[in-house]
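The values are calculated or read from the model by the stated rules, or taken from the named source; none is laboratory data. If you're wondering where the values come from, they're calculated on a predicted model, not measured in any experiment. Positions of Cβ are generated from backbone atoms using ideal geometry, with glycine treated the same way; all protein chains shown enter the neighbour counts.
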Amino acid sequence: MYTLTFTEEQMAVVDRAPQDVPFKFAMPIIQSINEQLVKQRDPAKEAEEVKNLKSA
């Protein structure tokens with residue numbers, strides 16, 4: 001297993017790059033990345049962001 005760190009700008013590029021690859025190859029990678037991102041999210045921080053969006 002590998003752990004990689006990206007800036008938001010780099011992640012945007014990584015997110016767009018598989019669009020140039022056939023779906024059957026890109027989708028498992030995109031799905032894995034998304035699952036890992038979900039697991040790493042801070043629930044308290046996300047709740048605060050939602051609260052801020054609702055009060056804006």
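With respect to Lys45, is the statement that it is surrounded by 10 or more Cβ atoms within 10 Å (Cβ to Cβ), part of a helix (DSSP H, G or I) and not acidic (Asp, Glu) true?
Numbers: surrounded by 10 or more Cβ atoms within 10 Å (Cβ to Cβ): no; part of a helix (DSSP H, G or I): yes; not acidic (Asp, Glu): yes.
So Lys45 fails the test.
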* **Test for Lys51: is it among the basic types (Lys, Arg) and surrounded by 10 or more Cβ atoms within 10 Å (Cβ to Cβ)** => yes
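Would you confirm whether any residue within segment 1-22 is of a type in the set (Phe, Trp, Tyr), under 11 Å from the mean Cα position of the chain (by Cα) and modelled with pLDDT of 80 or more?
Just the residues of segment 1-22 that are of a type in the set (Phe, Trp, Tyr), to begin with: 2, 6.
Remaining after also requiring under 11 Å from the mean Cα position of the chain (by Cα): 6.
Cutting the leftovers down to modelled with pLDDT of 80 or more gives us 6.
Yes, segment 1-22 has at least one match.
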* Asked: If you take the residues of segment 17-42 that are over 15 Å from Thr3 (Cα atoms) and small (Gly, Ala, Ser), which of them is surrounded by the fewest Cβ atoms within 10 Å (Cβ to Cβ)?
  -> Ala17
